[in-house]
Amino acid sequence: MQAGMIGLGAMGVGMASNLAQAGFLQGVYNRTQHKAETWAQTLACRHYATISELAADCNVVFLCVSADVDVLEVVEQIQQAAKPGTIVVDMSTVSVDTARQAAAKLAEKQIAFLDAPVSGGVEGAKNAKLVMMVGGDEAVLDKVRPLLMAMSQRIAYMGPTGSGQATKAVNQIMAAGINQAVSEALIFGQTQGLDMDKVIDVISGGAAGNWFLQHRGPTMIKNSFKPGFKVALHHKDLTICRQMAEQKQLTLPLLEKTLQDYQDLIAQGFGEEDISALYRLKKNLE
Ligand code: NAP
């Protein structure tokens, strides 16, 4: 199988590198072309100047772009150019509705679609340790499983189209709560005059330990918020989660608080920082 990768952002670069290492990567496309040219050289694969050329040439098309509108734009172009039987795998985080729209659009041309959002951060993408939550036809998943395994430590089939994105929404709400808890607890720790590197190390080994504390705690306490996962992207995800909750008459306080905090960070010019920048707001509690 010959795969093409669309979107060489913080996540896409690691994904493409692992596909290349496993011998699956035919070529890459990125909206900002120079990134694709540079990475195509590094990964010894083709650089496609357009999505259409990539889609016509590859029988598996991966994408990892920012938001719903971007996925739909890219899918539109794939649909025009890809051959029937092509499999499109979207690893972006978007809404269930977008996944369904993309699948329906592609089905018009007998092109299969899987929604396959991921968890594990840029480290997971780089080290092939992503956890993938997949929606769509399980038989299609089985066909591309070897390619997904080149990028992931775990692949879970969740059900029909949109189930992967619905599972990821659960993950994003949990991530909001973890960010609130970790940033608030670390500010509290600092006020106690503790050696915070030691605090993070010992707590990481106990019942309150978690991925975010381990990977973002050490930089957070040094006021370093390089992404990682951008505030603006998590804000986009939580807006999707809020819409899904509203459809079920649910109001989620942690989600609302985090959305408000992220809006404040974005208004202050920190939307492109890592979500651990929430620590900036907690510092105002001192
Ligand atoms: P990123 O670094 O901002 O990269 C976004 C990529 O999408 C770039 O390559 C960008 O191209 C491309 N893109 C955006 N709009 C496009 C469009 N309309 N047409 C074509 N290409 C477009 O974002 P990221 O962190 O890699 O995240 C990508 C997706 O994965 C998002 O949905 C995010 O929620 C999800 N995700 C992120 C993480 C994380 O830790 N970062 C973890 C799990 C899931 P340019 O280079 O031209 O801007």
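One line per residue, one yes/no per condition, for (1) on the phi < 0 side of the Ramachandran plot; (2) at pLDDT 95 or above; (3) within 17 Å of the chain's Cα centre (by Cα); (4) not aliphatic (A, V, I, L, M):
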{"site": "G12", "(1), (2), (3), (4)": "yes, yes, yes, yes"}
{"site": "S17", "(1), (2), (3), (4)": "yes, yes, yes, yes"}
{"site": "Q26", "(1), (2), (3), (4)": "yes, yes, no, yes"}
{"site": "W39", "(1), (2), (3), (4)": "yes, yes, no, yes"}
{"site": "V75", "(1), (2), (3), (4)": "yes, yes, no, no"}
{"site": "I78", "(1), (2), (3), (4)": "yes, yes, no, no"}
{"site": "V89", "(1), (2), (3), (4)": "yes, yes, yes, no"}
{"site": "S95", "(1), (2), (3), (4)": "yes, yes, yes, yes"}
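Mind counting the residues in the range 122-135 that are buried (at least 24 other Cβ atoms within 10 Å of the Cβ) and near the ligand (Cβ under 10 Å from one of its atoms)?
Looking only at that region, the number is 2.
Condition first: assigned to a helix (DSSP H, G or I) and touching a Gly at 6+ places or on another chain (Cβ under 8 Å). Can you find one or more residues in the range 168-176 that meet it?
Looking through the range 168-176, none of the residues is assigned to a helix (DSSP H, G or I) and touching a Gly at 6+ places or on another chain (Cβ under 8 Å).
Anything in the range 2-31 that is more than 13 Å from the ligand (Cβ to nearest atom), of a type in the set (A, V, I, L, M, F, W, C) and open to solvent by 40 Å² or more (accessible area, probe 1.4 Å)? List them, or say none.
A22, F24
Just the residues that are within 22 Å of D68 (Cβ to Cβ) and in contact (Cβ under 8 Å) with a residue 40 or more places away in the chain, please, taken from the range 149-167.
Listed by number, the residues that qualify are T161, G162, S163, G164, Q165, A166, T167.
Any idea which residue in the range 90-100 is most open to solvent (accessible area, probe 1.4 Å), counting only those that are within 15 Å of the ligand (Cβ to nearest atom) and under 15 Å from V74 (Cα atoms)?
Only one residue fits best here, namely T93.
Taking strands (runs of 3 or more DSSP E) that do not extend beyond the range 1-66, which have at least 3 residues that are within 16 Å of S92 (Cα to Cα)?
3-6, 60-63
Check off (1) assigned to a helix (DSSP H, G or I); (2) buried (at least 19 other Cβ atoms within 10 Å of the Cβ); (3) more than 14 Å from the ligand (Cβ to nearest atom); (4) not acidic (D, E) for A104 and give me the number that stays unchecked.
Only one criterion in (1) assigned to a helix (DSSP H, G or I); (2) buried (at least 19 other Cβ atoms within 10 Å of the Cβ); (3) more than 14 Å from the ligand (Cβ to nearest atom); (4) not acidic (D, E) is unmet by A104, namely (2).
Report, by residue number, each residue of the range 68-89 that is buried (at least 19 other Cβ atoms within 10 Å of the Cβ) and of a type in the set (G, A, S).
A82
Which one of E53, E37, E73 is in contact with a His (Cβ under 6 Å, 6 or more places away or on another chain) and free of Cβ contacts under 8 Å to residues at least 60 places away in the same chain?
E37
Which ranges mark the helices (runs of 4 or more DSSP H) fully within the range 208-286 that have 2 or more residues being under 26 Å from A99 (Cβ atoms) and open to solvent by less than 20 Å² (accessible area, probe 1.4 Å)?
231-247, 253-267
The values are calculated or read from the model by the stated rules, or taken from the named source; none is laboratory data. None of the values given here were measured: they were computed from a predicted structure. Heads up, the Cβs are rebuilt from the backbone with ideal geometry, glycines too, and the neighbour counts pull from every protein chain shown. Surface accessibility is based on the protein's heavy atoms, side chains included, excluding ligands, DNA and RNA. Shrake-Rupley method; radii C 1.70, N 1.55, O 1.52, S 1.80 Å.
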